[in-house]
Structures are given as C-alpha cells and as structure tokens.
Amino acid sequence: MTCGGCGRANREGATFCAGCGSRLPAGCGACGAPLADGARFCDACGAPVGETRSPEAAAAVRKVVTILFADLSGSTALQERLDAETTRRVMDRVHRLLADAVAAHAGRVVKFTGDGLMAVF
C-alpha cells in the first residue's frame, strides 16, 4: 500500500506508513479493496466497513438445525431436600444421561446449564 502523504510503499496489511507515520487507508475486510476515508460500505463489493470474513466463514453453508433445551423438572425442590454433594452427583448423572441421549441421535451438546443442557441437531 502506498502512503498518500509521502509516497512510500508499505508492506501489505500495514496500518501506518513506515516512512512518515501517517495512517494508511483501510482495506475492505471482505475483498481487500482500498476504502475511502469515512466509507461505511466498500465501493467494490458492498460489504459493510469493519466486517471481515474468515476463510471458514466464507466456506460456511447455511443449514436448518433443531435446538433442544432439556432440564430436570422440579430440580429446585429436589435441591432444597438434598445436601450439596448428593445434588452434584444427581446433576452429574442427569447431564450424563441427557448428553448420551443427544449423542445417540447425532446431536451435539452446545452447553450444560445448572440442571440441563442445550443441544443442536
């Protein structure tokens, strides 16, 4: 990238000129084209300024998925009757059973909650 202030050629990806320290014009995160000062959109590809696409995101495919939330009904009342160690053992077992059921149906656990989980299929 060439500096508009001093004309020095700078390395690709530089933010400031190595010769005079001036800020270099930004490049589009989607296509790499130079951006005009104050541009909100790239005039080459139309991408919003500041939006970048990783190679993984560019290759991503839109899919229809099912999100499942499952939890132990009545867990609050159960936890009030049990001590902390027993509660932890019960919840570990619940998480294990739920995760096994998700895996058996080709799902993936996204996160565990206090008394359940969120999964995607």
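Remark: the ALA103-THR86 segment gains 3.5 nm on full extension, using 0.36 nm per residue and subtracting the alpha carbon distance.
Dipole size of the chain about its Cα centre, with +1 on Lys/Arg Cβ and -1 on Asp/Glu Cβ: approximately 260 debye, rounded to the nearest 20. Across the stretch 16-32, computed HN-Hα scalar couplings (Karplus, 6.51 cos²θ - 1.76 cosθ + 1.60, θ = phi - 60°) run 10, 5, 6, x, 10, x, 5, 6, 7, x, 6, x, 5, x, 8, 10, x Hz from first to last residue, x flagging Gly and Pro.
Here the label points at ILE67 and PHE41, each 7 Å from Cα along the C-beta direction, are separated by 2.9 nm in the simple model. In a fully extended conformation the segment linking PHE112 and THR15 would gain 30.8 nm over its present Cα-Cα distance, using 0.36 nm per residue. Across the chain, Cα-Cα pairs farther apart than 26 Å form 55% of the total. The angle between the Cα long axis of helix 84-104 and the main principal axis of the chain comes to about 70°, on a 0 to 90 degree scale. Modelled label positions at VAL49 and ARG8, each set 7 Å beyond Cα in the direction of Cβ, lie 2.4 nm from each other.
Read the figures in this text as sums done on the coordinates, not as results from a lab. Nothing here was measured: the structure is a model prediction, and the numbers come from that model. Because the Cβ atoms are built from the backbone with ideal geometry, glycine has one as well, and the counts that use them run over all protein chains shown.
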